[in-house]
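Single-structure report; data block below.
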Amino acid sequence: MLTSNRMNGLHPYVPGEQPKDRVYIKLNANENPYPPSKEVTKAVVKFVKQHPDKLGLYPDPDSNDLHAAIADMLNKSGGVLCRAQVHGKEVAPAPEDKIPFTVTPDMIYSGNGSDEVLSFVFYAFFDSGRKFVLPEFTYSFYPVYAGFYDIPMDTVPLKDDWSLDTEEMLKRAENNQCGMIFANPNAPTGIGLTRDQVREMLKKARADQIFIVDEAYVDFGGESCIPLLAEFKNLVIVRTFSKSLCGAGQRLGYIVSSPELVNIVTTVKNSVNHFPIDAVAQVSGAAACRDVAYYVGTSKKVAEEREAFYNFLKDKGFYVIKSQTNFLFAKKDGIAGEDLYKGIKAEGLLIRHFKTPGIEDFVRITIGTKEQMAELRKAFEKVLGK
Ligand SMILES: *Cc1c(COP(=O)(O)O)cnc(C)c1O
């Protein structure tokens, strides 16, 4: 056979569809409906025009400017954009989000989207001999990496209200003498644990058990665990530019952790590709972080539209999970998730349906602009027959 056994055993991730047959309003991949800040465009154009030579040279291997800009953004915003306060171009954290220490650039590692970052984190901290713990319904890339690196999983069912069963997760991690990963807020449910809940988990866990907290959606209303880095050395926080920083096409993700764990992930990366993200992505990412005020505005708008659409779905008789993210997870008696998805697609909008048993009744709806959500309301009314 031409291919390796390893290759034959792969089960790659299936992203939300990106059809080319017609122009849909895309509310199926949790992308941000707003463009990046004008400062990003300006910085990229300036870089390419003024320094075309730099495209012919290897980029800064340490992404120093980008890491400084990310750290600065976190310190200024508290790591939860939709609650941050803006005065002109100045941004301050909401009091409850203020990080009680200064995040420094050596606490940041960045990569080509948080998907790549996650793959190195899996390689660095989970073992093929020990099961790691994850929730049954969570980001569906985690099981893909487990397969890729041949790491066994211990999957913990969610509670009846779709929240994480933290007690059971801790018990299994203790039994397996291994760590855990979860998204906080979780996907596709949209429910978050509070920082105090995560702190309680970390207090009960042993210091040599790794905790990976994926904060892809935290800017839309969750509680960040960055402040816990002062107390726990076994915590790795993974974040992305793809959702709240309107940058899915930039492919930028990062971790916030102790400098020691940052170095460990860097060692893994340097064993695969000894260069970091490309030079243009470094420039665009830093420019985005420096205009954090803009993204505070877009995050607040997304959170407002989410609440409005939550109420709409409730009025229509849906079971809707209260969300701290840029999406809603909802179902309705009498209409199958797949039929709803198909009906909405026929109206020119894409939402997401998962065939996964246990959640097949639901649809996941990414929050778009006010105008897009108005179109979606019309489509729902048509499909549901008013
Ligand atoms: C979208 C998402 C990611 C991936 O983000 P990229 O930076 O675009 O690779 C990671 N984790 C979760 C939970 C996500 O929803």
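The values are calculated or read from the model by the stated rules, or taken from the named source; none is laboratory data. Owing to the predicted nature of the structure, the values given are computational and were not obtained by experimental measurement. Note: ideal-geometry Cβ built from the backbone for every residue, glycine included; neighbour counts use all protein chains shown. Please note that ligands, DNA and RNA were not included when accessible areas were found on the heavy atoms of the full protein model with its side chains. Shrake-Rupley method; radii C 1.70, N 1.55, O 1.52, S 1.80 Å.
With a cut-off of at most 13 other beta carbons within 10 Å, and DSSP calling the residue loop, which GluC sites (Glu not before Pro) in the stretch 200-243 qualify? Please list them. Passing both the DSSP loop test and the Cβ count: Glu231. Phi angles across the stretch 88-102 convert, under the Karplus curve 6.51 cos²θ - 1.76 cosθ + 1.60 with θ = phi - 60°, into 3J(HN,Hα) values of x, 9, 7, 10, 10, x, 4, x, 6, 9, 4, 7, x, 8, 9 Hz, Gly and Pro given as x. Expressed as a whole percent, the accessible surface of the chain that belongs to carbon and sulfur atoms is 53, based on a 1.4 Å probe.
Among the listed pairs Lys54/Lys301; Lys203/Lys243; Lys243/Lys331; Lys20/Lys243; Lys131/Lys322; Lys322/Lys378, a Cα-Cα separation exceeding 25 Å is found for Lys54/Lys301; Lys203/Lys243; Lys131/Lys322. What does the C-alpha gyration tensor say about the overall shape of the chain? Classify as rounded when a/c is under 1.5, otherwise prolate if a/b is larger than b/c, or oblate. Rounded shape, in that the Cα axes give a/c under 1.5. Under the combined filter of DSSP loop state and at most 11 neighbouring Cβ atoms within 10 Å, the stretch 1-103 retains these trypsin sites (Lys or Arg not before Pro): Lys20, Arg22, Lys89. 3J(HN,Hα) couplings calculated from phi for the stretch 235-250 with the Karplus curve 6.51 cos²θ - 1.76 cosθ + 1.60 (θ = phi - 60°) are, in sequence order, 10, 10, 10, 10, 9, 9, 8, 6, 9, 6, 9, 6, x, 4, x, 7 Hz; Gly and Pro show x. Coupling constants for the stretch 197-204 follow from the phi torsions by the Karplus curve (6.51 cos²θ - 1.76 cosθ + 1.60, θ = phi - 60°), and in residue order they are 5, 5, 4, 4, 4, 5, 5, 7 Hz; glycine and proline get x. Once the chain from Glu167 to Glu90 is taken as fully extended at 0.36 nm per residue, the excess over their C-alpha distance is 23.6 nm. Here the stretch 200-276 is treated as a sphere whose radius is the Kirkwood value from Cα pairs; by Stokes-Einstein at 20 °C and 1.002 mPa s it diffuses with a coefficient of 155 µm²/s. May I ask for the net charge around Met169, where only other residues with Cβ less than 13 Å from the Cβ of Met169 are counted and Lys, Arg are +1 while Asp, Glu are -1? That sum, taken over residues with Cβ under 13 Å, equals -2. Accessible area per residue (1.4 Å probe, heavy atoms of protein chains only) ranks Thr356, Thr189 as Thr356, Thr189, with the largest value leading. For the stretch 240-386, the square roots of the Cα gyration tensor eigenvalues, ordered a ≥ b ≥ c, give a/c of at least 1.5 with a/b greater than b/c, which places it in the prolate category. Note on the stretch 37-88 and the stretch 156-235: Cα centroid distance 29 Å, given to the nearest whole angstrom. On a per residue basis, the chain carries 45 Å² of accessible surface, using protein heavy atoms and a 1.4 Å probe.
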